[in-house]
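The values are calculated or read from the model by the stated rules, or taken from the named source; none is laboratory data. Since the model is a prediction, treat every value here as computed from it, not as a measurement. In this analysis, Cβ positions are derived from the backbone assuming ideal geometry, glycine residues included, and neighbour counts consider all displayed protein chains. Please note that ligands, DNA and RNA were not included when accessible areas were found on the heavy atoms of the full protein model with its side chains. Shrake-Rupley method; radii C 1.70, N 1.55, O 1.52, S 1.80 Å.
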Amino acid sequence: MKTVKKVIIIALVAILAVLLVALGVFQGEARTLLSVKENGDTGVYEVNYAADYKLDKLLEEGGAATEEELVQYILKTMLKGLPIEVPYEIPNLACSTFYAETPEKGYIFGRNLDNQTTDLAVIRTNPKDGYSSVSVVNLSFLGYNESYTPDKLLDRINTLATAYFPLDGINEKGLAVGVLQLQAPVTAQDSDKPDVGTTLAIRAMLDKCATVDEAIDFLRSVDMYAAAKGCFHFQIADATGKSVVVSYVNNEMVITEKTGDFIAATNFYLHDVPFEYEKQGLDRYEILEKTLTEKKSLLTAEEGMDLLEAVRITGTDPDEKGRVYSTQWSALYDLTNPSLTLCADMNYAEPYVYTVG
């Protein structure tokens with residue numbers, strides 16, 4: 001996948017930004033930047049997003065077909081046109097998701113994000129005209145790495161883009177969604193509908209949709225342009241007992257509903273497609289299928305996290321580009337009492353819990 005070149009935030013611009021904050025120009029943005037904190041020395045950051053990221057305005061103006069367009073919108077709206085660029089990279093992802101019922105008649109949604117080593121951020125958003133949500137962002141997408149972190153105030157500017165780069169999340173109505181990559185032809189729908197990329201779609205579903213059906217209706221109302229000129233599918237779940245996997249085949253949306261006792265996804269289509277592609281995650285899917293079938297998709301929260309641990313990737317051998325993939329976070333979403341239990345870096349002994357609202 002292509003990488004946008006990293007851009008250094010010049011000192012003069014940073015000083016100007018501080019002065020403008022002092023003058024009250026960036027009140028919401030300033031509160032957002034000041035809220036950024038790390039949980040100990042874990043690489044897990046929290047961001048209470050107080051700025052208006054103007055989602056409705058973006059969609060009304062036709063959306064954003066590429067990450068470049070999305071970042072330009074962020075610069076224009078939240079940074080008031082300041083010449084600060086947000087570097088980002090969308091690397092290959094190998095992920096797992098599943099949906100299950102609990103013994104208490106509730107529902108859970110599990111998700112592993114498998115990627116190169118990265119810090120992450122848990123983002124709380126409370127839009128005026130939308131649902132509150134908690135979502136998770138891979139900070140390497142926004143240029144952060146071992147030598148560049150959001151610990152210092154002037155190094156946090158890029159976190160203002162986090163609202164638009166979630167990879168999974170849950171809202172106050174119990175709708176949860178996660179995205180998984182497919183090694184398949186590029187998704188690039190092209191009509192007169194608003195253009196929406198992968199992470200923008202997740203943000204919109206969390207903000208606007210209370211149920212799976214509403215999320216499907218939203219996806220039908222936009223043109224999907226997959227992130228980094230790739231192909232992805234979404235697993236979406238809600239508090240009513242419904243979950244689907246939404247995929248795209250030759251730019252046509254396909255809905256896969258639960259069959260038998262389970263629904264889960266990794267990195268291959270759950271249905272036949274009219275082309276050859278590299279199926280990935282078959283071994284992880286077999287574990288999900290076996291466990292969920294045996295238990296008839298009835299799991300306690302503890303068993304749900306155990307299942308995520310069972311399908312984790314503990315990569316040690318680099319791929320052809322020298323990259324090593326492993327499970328960066330395991331997220332278990334409680335859809336009945338909307339919350340997130342998060343285990344980072346396969347540390348299943350120390351989960352973090354985040355409620356929505």
>> Once you order the gyration tensor axes a ≥ b ≥ c over the Cα atoms, which shape class does region 202-282 get: rounded for a/c under 1.5, otherwise prolate or oblate by comparing a/b with b/c?
In response: oblate
> Taking square-rooted eigenvalues a ≥ b ≥ c of the alpha carbon gyration tensor, is region 194-342 rounded, prolate or oblate, where a/c under 1.5 means rounded and, failing that, a/b exceeding b/c means prolate?
Replying inline: rounded
> Expressed as a rounded percentage, what relative contact order does the chain have, with Cα pairs under 8 Å and six or more residues apart?
Replying inline: 20 percent
>> Among DSSP bridges having both ends in the chain, what percentage is antiparallel? Round to the nearest 5.
In response: 85 percent
> From the residues PRO166, VAL186, THR266, which one has its Cα farthest along the dipole of the chain in the positive direction, the dipole being from +1 and -1 charges on Cβ of Lys/Arg and Asp/Glu about the Cα centre?
Replying inline: PRO166
> Taking only the alpha carbons of the chain, what extent do you get along each of the three principal axes, in Å, biggest first?
Replying inline: 60, 47, 44
> Hey, what D do you get for region 127-269 in µm²/s if you plug the Kirkwood alpha-carbon radius into Stokes-Einstein at 25 °C and 0.890 mPa s?
Replying inline: 154 µm²/s
> Applying the Karplus parametrisation 6.51 cos²θ - 1.76 cosθ + 1.60 with θ = phi - 60° to the phi angles of region 176-188, what ³J(HN,Hα) value in whole Hz is obtained for each residue in order, glycine and proline being reported as x?
Replying inline: 10, 8, x, 10, 9, 8, 10, 8, 9, x, 4, 8, 8
> Taking θ as phi - 60°, what are the ³J(HN,Hα) couplings along region 120-136 by the Karplus curve (6.51, -1.76, 1.60), each to the nearest whole Hz, with x for Gly and Pro?
Replying inline: 9, 10, 9, 10, 9, 10, 9, x, 4, 10, x, 8, 5, 8, 10, 9, 10
> What number, in percent, do you get for the relative contact order of region 66-202 if the mean sequence gap of Cα pairs under 8 Å and at least 6 apart is divided by its residue count?
Replying inline: 22 percent
>> Can you classify region 265-357 as rounded, prolate or oblate using the Cα gyration tensor, where a ≥ b ≥ c are the square roots of its eigenvalues, rounded means a/c under 1.5, and otherwise it's prolate if a/b beats b/c and oblate if not?
In response: oblate
>> Taking the solvent-accessible surface of protein heavy atoms with a 1.4 Å probe, what is the per residue accessible area of the chain in Å²?
In response: 43 Å²
>> Rounded to the nearest percent, how much of the accessible area of region 111-254 (1.4 Å probe, protein heavy atoms only) is carbon and sulfur?
In response: 45 percent
>> Nearest 10 degrees is fine. How inclined is helix 67-77 to the longest principal axis of the chain, computing both from alpha carbons?
In response: 40 degrees
